Amino acid sequence: MTTAAIITAAGRGLRAGGAMPKQWQLLGGLAVAAHAVAAFEGMLRVLVVHPEDRALVESLGLDVLIVDGGASRSASVRNALEALAGRGIAHVLIHDGARPLVSGAVIASVIGALDQADGAAPALAVTDALWRGAAGLVVGTVPREGLFRAQTPQGFRFEAILAAHRAHPGEAADDVAVARSYGLDVVIVEGCEDNLKLTYPGDFARAEAILKGRQMDLRVGNGFDVHGFCDGDGVWLCGVKLPHGRALLGHSDADVGMHALTDSIYGALAEGDIGRHFPPTDPQWKGAASKIFLAHAMRLARAKGFALANCDVTLICEKPKVGPHAEAMRAALAAIMEVAVERISVKATTSERLGFTGREEGIAAMATCALVRA
């Protein structure tokens, strides 16, 4: 299922001060909006910018589709949605480019909620007392029960939010308001205090402190798998079927490379192996495509707040020859894992005619992955 991300960065952001709009000011050495873009790596990303900022944005070298913004935020989002129409997008996340510290866990929660709802958005319950004020005096109080502080990304089923924006007559506070005016239900998921919106100069100092205070949480896992040959006309390796005089024997499709990679992710998360999550004794997994297992491992990683730093798969066999197909394998794995292909390595070696792989009785694979807390 294809998910795209829209990052809105067409505003002027004057309240934040500085010589340029806040989304292009530096935070931890990167433009604020560049941090927001990076949070959605692996998705098709649309960056909505003011026409006057296009040259500046292009100079940043971000892997995004750049779309000119409109006269209002709603118009900017509509422009981005229209740019995505016809691309087979199932879900879309709409995020404020001035929120540079959104976590992978928040993003995963929004995406997960879209399985059951037309829309989902992160928010934090209001815990402080609320006053009404006038002329510097407290003139009343407001009950805080049932009140939430809205955050982004706000996620939607693509066709539903596209129709809602096309039908909406004018500006709205956010995309949840557009969705609700069209009759769509929006589920609230748990937000995060670090997912702050940079609005005033002091917000930059707070964001810098959060960045400096984050300690890198790096998890490394490895996986190993073996499958013997059986009668057949080809083997599945890392999501690509290679012509061969035999097939690989297994309960699923026996994609030995993808199995090793999946186990490396589970290992990094201390979540066991494929057999724990998809028992071979369960008939529903007989003949299953291994991409189901790999996609599940990546969803679990994101749900726990981790992103893939890189992975490396080594296939051990005499035949078939892997080299001519390695790039196709990298692309297939990247699509399943929803990450950039640059983070994936696939290579092969022989065992110099030694052992069961040397005797061409089967194929072995080993994989290593590194996960970092998003």
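The values are calculated or read from the model by the stated rules, or taken from the named source; none is laboratory data. What you see is a predicted model, and the numbers here were worked out from it, not measured in a lab. Every residue, glycine as well, gets a Cβ built from its backbone with ideal geometry; the counts of neighbours run over all protein chains shown.
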Exercise. How many residues does segment 339-362 contain that are surrounded by fewer than 20 Cβ atoms within 10 Å (Cβ to Cβ) and touching a residue at least 40 places away in the same chain (Cβ under 8 Å)?
Worked result: 5
Problem set entry | Tabulated pairs, segment 210-231, first closer than 21 Å to ASP273 by Cα and touching a residue at least 24 places away in the same chain (Cβ under 8 Å), second surrounded by fewer than 12 Cβ atoms within 10 Å (Cβ to Cβ) and among the hydroxyl-bearing types (Ser, Thr, Tyr), C-beta under 6 angstrom, 6+ apart or interchain | none
Exercise. Restricting to helices (runs of 4 or more DSSP H) lying wholly in segment 38-157: which have 2 or more residues that are exposed (fewer than 14 other Cβ atoms within 10 Å of the Cβ)?
Worked result: 54-59
Exercise. Which residues, taken from segment 296-311, are at pLDDT 90 or above and either surrounded by fewer than 17 Cβ atoms within 10 Å (Cβ to Cβ) or farther than 18 Å from TYR266 by Cα (or both)?
Worked result: HIS296, ARG299, LEU300, ALA309, ASN310
Exercise. Taking GLY191 and the conditions (1) under 30 Å from GLU271 (Cβ atoms); (2) surrounded by 13 or more Cβ atoms within 10 Å (Cβ to Cβ); (3) at pLDDT below 95; (4) in contact with a Lys or Arg (Cβ under 9 Å, 6 or more places away or on another chain), which numbered condition does it fall short on, given that it satisfies the others?
Worked result: (3)
Problem set entry | Residue check, GLY170 assigned to a loop (DSSP other than H, G, I, E, B), farther than 28 Å from SER103 by Cα and at pLDDT below 95 | yes
For this session: Have a look at ALA297, ALA301, ALA289 and point out the one that is farther than 28 Å from GLY191 by Cα and either assigned to a loop (DSSP other than H, G, I, E, B) or outside the structural domain of ASN195 (by TED's automatic domain parsing) (or both).
Result: ALA289
Problem set entry | Extreme residue, surrounded by the most Cβ atoms within 10 Å (Cβ to Cβ), among residues of segment 215-261 that are among the β-branched types (Val, Ile, Thr) and either in contact with a strand residue (DSSP E or B) (Cβ under 7 Å, 6 or more places away or on another chain) or not assigned by TED's automatic domain parsing to the domain that holds ALA332 (or both) | VAL256
